[in-house]
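A.B. asks: Sharing a structure here in structure tokens format.
The values are calculated or read from the model by the stated rules, or taken from the named source; none is laboratory data. Fair warning: this is a prediction, and the values are worked out from it, not measured in the lab. All Cβ positions, even for glycine, are placed from backbone atoms using ideal geometry, and neighbour counts span all protein chains on display.
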Amino acid sequence: MLKVEKIEDVEKVEMGTEINGVIFLTTCAYVYSDMVFDSGCSNARKEFRDFVIRRNLDDLSVYLTHFHEDHAGNAELFNLIRAGEETKKILVRGYDVPPYRKAVWGDFEPLRGKNIEEPDVDFIEAPGHSHDHLVYFIDDYAFVGDLVVTMKPQVSFVSEKFVQIIDSIENLLKRDFEVAFGGHGVFSREEVEGYLAYLKNLREECLELYEKGLSFIEIYERVIGKPSNKAMMFETFSSGEWSRERLIKSLISVLQVE
Ligand SMILES: [Zn+2]
């Protein structure tokens, strides 16, 4: 599945995989001016390639926010790949994609022999979701990758360090932008500000309850409540790569996450 939608002056290219007739998750690439930000997932390669060729985008640079397969999955379609030093190392070396992510997004082939250079636009390092994460700024727009995924996270990914995510969002908000284009959603500056306030407050609540001696799951029930079916599905199908407990541990910063 591939859907193109114009938001302000940016084209959002949303793609996903149909599994038993249902699309569980989608990921977005963006086209702005003569630049492409992130490249979607390889399961949608054929449709995305058709789009890229139809629009003559293959001669442009693609700017990657981080190495995950739903962002770097089709980078090889572009003449030049722009990425941070850490991202480049992983993209060239390659990595194993767990089976459930292969089903949802597709596999990732190492980008050997490809042209990968440092970004030539304004960016900041924004670790937290992954250690290699960058955020790009052009005009009134920020391309934020997975630094902001949802306004109310209910589960946390294995590499996520929420204390770093809070710092990175603070750094993001030091910059001028009006719209944040993310891998899984588009947010206004006000929404990002609200998200930062929410996370900081959530962290305070978690720390207080942790000091009172509550277990991680008890803290979860107090601060988040009953998880959605989607959150539980993530936890089950990912064999715990996404989890409720990790969200609390990550907010308290008691987890040495990899
Ligand atoms: Zn990611």
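A.B. asks: Quick one: residue 161 ticks every box in (1) within 16 Å of the ligand (Cβ to nearest atom); (2) in contact with a Pro (Cβ under 7 Å, 6 or more places away or on another chain); (3) among the charged types (D, E, K, R) bar one, so which box is it?
C.D. replies: Just one mismatch for residue 161, condition (2).
A.B. asks: Pick from the range 84-120 the residues that are touching a residue at least 60 places away in the same chain (Cβ under 8 Å) and not charged (D, E, K, R): which of them is farthest from residue 22 (Cα to Cα)?
C.D. replies: Top of the filtered list is 108.
A.B. asks: Name, by its number, the condition in (1) assigned to a loop (DSSP other than H, G, I, E, B); (2) touching an Asp or Glu at 6+ places or on another chain (Cβ under 9 Å); (3) surrounded by fewer than 21 Cβ atoms within 10 Å (Cβ to Cβ) that does not hold for residue 112.
C.D. replies: In the conditions (1) assigned to a loop (DSSP other than H, G, I, E, B); (2) touching an Asp or Glu at 6+ places or on another chain (Cβ under 9 Å); (3) surrounded by fewer than 21 Cβ atoms within 10 Å (Cβ to Cβ), residue 112 misses (2) alone.
A.B. asks: Residue 79: touching a residue at least 12 places away in the same chain (Cβ under 8 Å), farther than 19 Å from residue 106 by Cα and surrounded by fewer than 14 Cβ atoms within 10 Å (Cβ to Cβ), yes or no?
C.D. replies: Yes, satisfied.
A.B. asks: I'd like to know if the range 2-18 contains one or more residues that are within 18 Å of the chain's Cα centre (by Cα) and in a helix (DSSP H, G or I).
C.D. replies: For the range 2-18, residues within 18 Å of the chain's Cα centre (by Cα) and in a helix (DSSP H, G or I): absent.
A.B. asks: Could you tell me how many of the residues in the range 128-153 are more than 18 Å from residue 40 (Cα to Cα) and within 12 Å of the ligand (Cβ to nearest atom)?
C.D. replies: Final tally of qualifying residues: 2.
A.B. asks: For the subset of the range 50-71 comprising residues that are in contact with a strand residue (DSSP E or B) (Cβ under 7 Å, 6 or more places away or on another chain) and aromatic (Phe, Trp, Tyr), which member is nearest to residue 84 (Cα to Cα)?
C.D. replies: For the range 50-71, the residue satisfying everything is 63.
A.B. asks: Go through the range 63-83 and give me each residue that's within 16 Å of the ligand (Cβ to nearest atom) and not in a loop (DSSP other than H, G, I, E, B). Break it down stepwise before answering.
C.D. replies: Restricting attention to the range 63-83, the residues satisfying the condition of being within 16 Å of the ligand (Cβ to nearest atom) are 63-75, 83.
Result: 63, 69, 70, 71, 72, 75.
A.B. asks: Right, another one. Taking the stated definitions as given, is residue 239 modelled with pLDDT of 95 or more and of a type in the set (S, T, N, Q)?
C.D. replies: Criteria not met by residue 239.
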